[in-house]
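Enquirer: This structure is in structure tokens; I'll ask about it shortly.
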Amino acid sequence: MQLTKIQKLTGQIELLSGLHIGSGNTEIHIGGTDNPVIKNPITQQPYIPGSSIKGKMRSLLEWQLGVVGQTDGQPLSFKHLKKLDGNVLDKAKALVKLFGGAPDGDIASDLLAEIGPSRLSFWDCSLCPEWAKEMDDKNLLLTETKMENMIDRIKGTAEHPRNTERVPATAKFDFNLTIRVHNDEDLLDTVLQGMKLLELTGLGGSGSRGYGKIKFREPKLDGQSIQDRLEKITL
């Protein structure tokens, strides 16, 4: 197996609805929100962690392939491949190639050699500088606070108010990942399928309440547009 090239996939993620990816901060500060978004500790600008994109994309692709039952809810790995066969096995191998999988247990050496190291590297997505400047020029904040309540079905009154910080719709983030290519393989369609699934299901929390709807804009592979290839992906 030979590393023949490293491709760079770039573009923008545009928010079509407010996005919440939590910071994990359990403290409530004076004037703060119950549920803040994750921010760069230096610039205090919100960002999308690469791990959030990778985890959601991997999970969606495994559900689409129908292997979650065989993995008992764990991420697809080498040990699960022996439970699969046919076309499903081939696609499962592609997922392990892209996202990696711990080769624990009794794994055949030829399978380890066939799959090799993980191919994808996801990078954190910073706010697009142009969008951040536009907000600054308009004296607008980079995040919004959304109030939510639980409604008592009998009384019809709001209870347990909670505020959640979100990055508002129209925000844009710079997106990029790299794909290690071995022996001139082409796994791009699987990556594009994952991107399409993200567009359809969203990122972050509270997706069932309308949060996190996204759109990939101007995707390019090594500087060349792949918008048409992304749009042709069917699920």
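Enquirer: I want to check the label-to-label distance for I151 and Q7. Put each point 7 Å from Cα in the C-beta direction and report it in nm to one decimal.
Expert: For I151 paired with Q7, the spin-label model returns 4.7 nm.
Enquirer: Largest first, please: the extent of the C-alpha atoms of region 40-111 along each principal axis, to the nearest Å.
Expert: Dimensions of region 40-111 along the principal axes of its Cα atoms: 48, 25, 19 Å.
Enquirer: If r is the Cβ-Cβ distance from D110 to Q74 and R0 is 22 Å, what FRET efficiency results, to the nearest 0.05?
Expert: After rounding to 0.05, the efficiency reads 0.40.
Enquirer: If amide hydrogens are placed 1.01 Å from N in the peptide plane, which non-local residues have theirs closer than 5 Å to the one on F175?
Expert: Those qualifying (amide H under 5 Å, at least 5 residues apart or on another chain) are G11, Q12, I13.
Enquirer: Jot down the per residue volume, in cubic angstrom and as a whole number, of the convex hull over the alpha-carbon atoms of region 155-235.
Expert: For region 155-235, the hull spanned by Cα atoms encloses 150 Å³ per residue.
Enquirer: Strictly over 25 Å apart at the Cα level, which of K5/K133; K56/K138; K91/K196; K93/K172; K5/K93 would you flag in this model?
Expert: K5/K133; K56/K138; K93/K172
Enquirer: In degrees between 0 and 90, to the nearest 10, how far off the longest principal axis of the chain does helix 188-201 point, with axes built from Cα atoms?
Expert: Taking Cα atoms only, the helix is inclined about 30 degrees.
Enquirer: State which stretch of the chain is the longest one without any exposed trypsin sites (Lys or Arg not before Pro), exposure meaning a DSSP loop state and at most 13 other Cβ atoms within 10 Å.
Expert: It runs 1-82.
Enquirer: Let me ask something else. Per residue of region 172-177, in order, report the coupling 6.51 cos²θ - 1.76 cosθ + 1.60 (Karplus, θ = phi - 60°) as ³J(HN,Hα) in whole Hz, putting x for Gly and Pro.
Expert: Along region 172-177, the couplings run 10, 10, 7, 10, 7, 9 Hz.
Enquirer: Additional query: For region 166-235 and region 75-93, compute the distance between their C-alpha centroids and round to whole Å.
Expert: Cα centroid of region 166-235 versus Cα centroid of region 75-93: 24 Å apart.
Enquirer: What is the helix-to-structure angle for 86-99, meaning the angle in degrees between its Cα long axis and the longest Cα principal axis of the chain, kept from 0 to 90 and rounded to the nearest 10?
Expert: The answer is roughly 60 degrees.
Enquirer: With runs of 4+ DSSP H residues as the only contributors, calculate the mean residue ellipticity of the chain at 222 nm using -39,500 (n - 2.57) per run, divided by the residue total and rounded to the nearest 500.
Expert: -9000 deg cm²/dmol
Enquirer: Still on this structure, I have one more. Rounded, prolate or oblate, given the Cα gyration tensor of the chain, with a/c below 1.5 counting as rounded?
Expert: Verdict is prolate for the chain.
All of the numbers you see were taken from the coordinates with simple rules; none came from a lab. Worth saying up front: this structure is predicted, and the values here are computed from it rather than measured. Every residue, glycine as well, gets a Cβ built from its backbone with ideal geometry; the counts of neighbours run over all protein chains shown.
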